[in-house]
1. Using the Cα gyration tensor of region 19-80, with a ≥ b ≥ c the square roots of its eigenvalues, what is the shape: rounded (a/c below 1.5), prolate (a/b larger than b/c) or oblate (neither)?
2. Over the chain, what is the mean sequence separation of C-alpha contacts under 8 Å (at least six apart), divided by residue count, expressed as relative contact order in percent?
3. Shape of the chain from its Cα gyration tensor (a ≥ b ≥ c, root eigenvalues): rounded if a/c is under 1.5, otherwise prolate when a/b > b/c, or oblate?
4. About its Cα centre, what dipole magnitude does region 73-127 give when the only charges are +1 on Lys and Arg Cβ and -1 on Asp and Glu Cβ, stated in debye to the nearest 20?
5. Under unit Cβ charges (Lys, Arg +1; Asp, Glu -1), what dipole magnitude, rounded to 20 debye, does the chain have relative to its Cα centre?
6. Under a cut-off of 22 Å between alpha-carbon atoms, report the lysines in cross-link reach of residue 124, not counting same-chain residues fewer than 8 places apart.
7. Under 10 Å, Cα contacts only: if you run a Gaussian network model on the chain, which one of 44, 18, 116 comes out with the highest mean-square fluctuation?
8. DSSP loop GluC sites (Glu not before Pro) in region 1-94 with at most 10 other Cβ atoms within 10 Å of their Cβ, which ones?
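Readers should treat all values here as calculations from the given coordinates under stated rules, not as data from a laboratory. What you see is a predicted model, and the numbers here were worked out from it, not measured in a lab. As a convention, Cβ positions derive from the backbone with ideal geometry for all residues, glycine included, and neighbour counts pool all protein chains shown.
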Amino acid sequence: MTDEVNPKAYPLADPHLTQKILELVQQAANYKQLKKGANEATKTLNRGISEFIVMAADAEPLEILLHLPLLCEDKNVPYVFVRAKQALGRACGVSRPVIACSVVINEGSQLKPQITSIQLEIEKLLI
């Protein structure tokens, strides 16, 4: 595993933030508030039901998910990269690597406070 991350994978979460994001993704999966995969993430953005998008910086080739940041900026949805698709897959509760996932809006969700705090941290990275 190399430490080289594609410079296009911006913004990249630091290890501490990555940990928090992956824990939230795991909880979202338990609450059925998670869409896994680039296609599903794209759909949530187009439907306007995405809270934020998490992408893996080690997707090969990275271009397969670089339409997501553009879409996120259009829809004003925060997005962030984490280093490993394997870790993202585990957090999503599947045994396969996952290159992108979307935490979706759910009215009256218990995750709302955590989601809001992560959104703020991601937005700080984008500035």
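1. Because a/c hits 1.5 or more and a/b fails to exceed b/c, region 19-80 counts as oblate.
2. With pairs under 8 Å counted, the relative contact order is 36 percent.
3. Verdict is rounded for the chain.
4. 340 debye
5. In debye, rounded to 20, the chain gives about 440.
6. Excluding near neighbours in sequence, the set is 8, 20, 75, 112.
7. For the chain, modelled as a Gaussian network with Cα springs under 10 Å, the answer is 116.
8. Hits after loop and neighbour filter: 4.
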